[in-house]
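Novice: Can you keep this structure in mind? I'll have questions shortly.
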Amino acid sequence: MIPSRRWLTLLALAGLPLLFTWLWQGFTEVSVLCYGVLIALAWFDGRRIVPHEHLVIERETDERFLLLGESSVLLRVENRSDTPITLEIKDTLPEGWHTDHPETGFRLEIAPRTRHTLTYNVTPQERGDTAFGDLYVRVQGAFGLVAKQWTVSAPLAVRVYPNLFKDAHLEISAHRGRLQMAGVRALRIQGIGREFESLRDYQPDDELRRIDWKATARRGKLTSRQYETERSQNLFLLFDVGRTVVAEIDGIPKLDYALNAGLLLAYVALQSEDRVGAIVFSDTVHTFLPPRRGNTQLEILHKSLYNIRATFQETDYRAARTELQTRWRKRSLVICFTDLWDSESSRYTIEEITALQAHHAVIAVSLLDTNLLRASQMPVTTPEEVYRKSAAVQVLEERAEALRLLQQRGVFVIDTPAEKLSAELIQRYLEVKERVLI
């Protein structure tokens with residue numbers, strides 16, 4: 001049993017007569033009597049506390065959590081006894097989560113034979129596997145003199161998935177496969193397509209070969225043919241989880257930006273009835289998912305990729321390329337999420353990415369570190385600031401040179417700040433798809 005603050009206060013007061021024994025010796029007996037009464041009351045109060053078997057506490061959560069997305073957690077408390085209960089409950093949350101759960105726990109009174117539900121909100125700060133811990137319960141006696149405390153074993157493993165739609169609202173048109181996304185312009189790249197779909201009024205940036213001269217003569221105004229982009233094409237997401245993506249941008253791992261953009265693109269591609277697969281690799285290939293289509297594939301991608309982590313291993317692009325060539329021979333759009341620093345240190349990566357073009361259309365995705373960008377643009381007043389700006393400018397120039405080498409070899413390159421990555425990637429996917437480059 002745990003003594004309450006009330007009981008300790010009464011115990012201190014019971015000792016006050018001892019300060020006056022010099023006036024009357026009988027104050028000693030008075031204090032001893034008070035001590036005895038308080039101990040007896042505490043024992044009696046503790047005996048009346050409801051056994052923990054009569055108090056049932058269960059935690060209820062969502063099946064999955066989304067990174068940086070708020071979710072509710074329910075604590076269901078049932079008093080199966082015939083006595084009212086005053087109790088405190090404290091839950092153990094996964095490390096680092098933000099929450100409005102009181103640090104001191106919840107305090108409540110629950111009537112006999114009733115149930116009560118407590119609710120609090122949590123916000124995961126890191127994706128992957130994590131777990132809730134035990135519940136700590138303290139029940140007070142009827143007189144509030146003592147309490148009993150015990151632990152309810154309630155470990156609960158949970159998964160935190162990338163939050164694809166935190167900053168964007170997606171709508172996919174079933175007929176035309178066009179993307180409408182907050183922050184993403186619904187770009188219409190004029191291309192040749194493969195299947196005639198409809199006629200529409202001529203637009204100034206339409207290619208001349210798209211003009212339907214017969215329809216123009218019949219309607220009396222310029223008319224263009226519109227083509228439906230081909231479906232059931234193959235898309236491969238290659239996630240480099242080696243040392244080049246270990247760094248963070250504004251406190252968020254680079255890999256998180258890449259994974260979020262990749263899964264968002266997978267969602268768009270699968271809605272367009274394309275097939276999507278993925279490879280995760282560093283010094284070896286960790287995951288290989290062959291391209292398939294349908295909503296089931298999106299779920300497979302989520303479950304297979306939500307917990308990937310960047311390592312300090314040197315990336316072996318040749319191993320990934322060999323795995324792809326061995327297990328998948330069909331032409332695909334291959335998107336490599338990586339990072340390049342300069343043409344010399346990235347020579348091997350550039351060569352291997354370029355080699356993929358023999359059988360595939362390739363997009364190399366590199367995240368522009370906004371910290372470097374800000375440092376290169378900052379005004380300088382001190383020698384330290386001059387040095388910092390010069391270093392940032394040099395790094396960006398060397399990085400740009402490495403990316404130019406890739407572009408010169410025919411590789412599509414996306415080099416954009418992290419917050420714009422999803423939009424840029426989807427736009428480039430639409431461009432490649434409409435121009436039938438896969």
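The values are calculated or read from the model by the stated rules, or taken from the named source; none is laboratory data. Note that the structure is a prediction, hence the values are computed from the model and not measured. Glycine gets a Cβ as well: all are built from the backbone with ideal geometry, and neighbour counts include every protein chain shown. The protein model used for the area step is the full one, side chains on, heavy atoms only, and it has no ligands, DNA or RNA in it. Shrake-Rupley method; radii C 1.70, N 1.55, O 1.52, S 1.80 Å.
Novice: Count charges around Ile89 for me, please; just the other residues with Cβ under 9 Å from its Cβ, Lys/Arg as +1, Asp/Glu as -1.
Specialist: Summing Lys/Arg as +1 and Asp/Glu as -1 gives +1.
Novice: I want to verify a result. In a Gaussian network model of the chain, Cα cutoff 10 Å, which of these has the top mean-square fluctuation: Leu405, Leu208, Leu238?
Specialist: Looking only at Leu405, Leu208, Leu238, the largest GNM fluctuation is found for Leu208.
Novice: Just want to confirm a number: the relative contact order over the chain, from Cα pairs under 8 angstrom separated by 6+ residues, in percent.
Specialist: 12 percent
Novice: Counting Lys and Arg as +1 and Asp and Glu as -1, what is the net charge of the other residues whose Cβ lies under 13 Å from the Cβ of Glu299?
Specialist: Neighbour charge sum, excluding Glu299 itself: +4.
Novice: What's the percent breakdown of Cα-Cα distances in the stretch 79-122 across 5 Å bins, shortest bin first?
Specialist: 5, 19, 27, 18, 14, 10, 6, 1
Novice: Would you work out the Kirkwood radius for the stretch 350-432? I mean one over the mean of 1/r across all pairs of different Cα atoms, in Å.
Specialist: It works out to 14.4 Å.
Novice: Roughly speaking, what % of Cα-Cα pairs in the stretch 208-367 are separated by over 22 Å, rounded to a whole number?
Specialist: Cα-Cα pairs of the stretch 208-367 separated by over 22 Å account for 47 percent.
Novice: Positive end of the charge dipole of the chain (Lys, Arg +1 and Asp, Glu -1 on Cβ, about the Cα centre): tell me which of Ala40, Ser390, Thr311 has its Cα farthest that way.
Specialist: Toward the positive end, the furthest listed residue is Thr311.
Novice: Can you bin every Cα-Cα distance in the chain into 10 Å intervals starting at zero and give me the percent of pairs per bin, rounded to whole numbers?
Specialist: 4, 16, 20, 17, 13, 10, 8, 6, 4, 2, 1, 0, 0
Novice: Also, I was wondering about something else. Excluding Ala310 itself, calculate the net charge of residues whose Cβ lies under 14 Å from the Cβ of Ala310, where each Lys or Arg counts +1 and each Asp or Glu counts -1.
Specialist: Computed value for this residue: -3.
Novice: Further question on the same structure: Averaged per residue, what accessible surface does the stretch 44-160 expose to a 1.4 Å probe, in Å²?
Specialist: Computed with neighbouring chains in place, this is 54 Å² per residue.
Novice: Probe radius 1.4 Å, ligands and nucleic acids ignored: give me the carbon and sulfur share of the accessible area of the stretch 193-318 as a rounded percent.
Specialist: 48 percent
Novice: Given the rule -39500 (n - 2.57) for each run of at least 4 DSSP H residues, summed and divided by the residues of the chain, what is its mean residue ellipticity at 222 nm, to the nearest 500 deg cm²/dmol?
Specialist: -10000 deg cm²/dmol
Novice: Give me the one-decimal nm value for the distance between modelled label points at Leu33 and Thr370, 7 Å along each residue's Cα-to-Cβ direction.
Specialist: Placing both labels 7 Å beyond Cα along the Cβ direction yields 7.5 nm.
Novice: For the stretch 300-365, take every pair of Cα atoms, bin their distances at 10 Å starting from 0, and report each bin as a whole percent.
Specialist: With 10 Å bins starting at 0, P(r) equals 17, 47, 33, 3.
Novice: Taking only Cα atoms and a 10 Å spring cutoff, compute GNM fluctuations for the chain and point out the largest among Glu248, Glu29, Glu419.
Specialist: The residue with the greatest mean-square fluctuation here is Glu29.
Novice: Which of these, Val160, Val146, Val245, has the largest mean-square fluctuation under a Gaussian network model of the chain (Cα springs below 10 Å)?
Specialist: Among Val160, Val146, Val245, the largest GNM mean-square fluctuation belongs to Val146.
Novice: Right, here's the next one. Kirkwood hydrodynamic radius of the stretch 243-315 from all distinct Cα pairs, in Å?
Specialist: After inverting the pairwise mean of 1/r, the radius is 13.0 Å.
Novice: Chymotrypsin sites (Phe, Trp or Tyr not before Pro) within the stretch 325-368: which are DSSP loop residues with at most 15 other Cβ atoms inside 10 Å?
Specialist: Trp341
Novice: Helix 26-47 versus the longest principal axis of the chain: what is the Cα-based angle in degrees, 0 to 90, to the nearest 10?
Specialist: That works out to roughly 40 degrees.
Novice: Related question: Placing +1 at every Lys and Arg Cβ and -1 at every Asp and Glu Cβ, with all other atoms neutral, what dipole size does the chain have around its Cα centre, in debye to the nearest 20?
Specialist: Around 1520 debye, computed over the chain.
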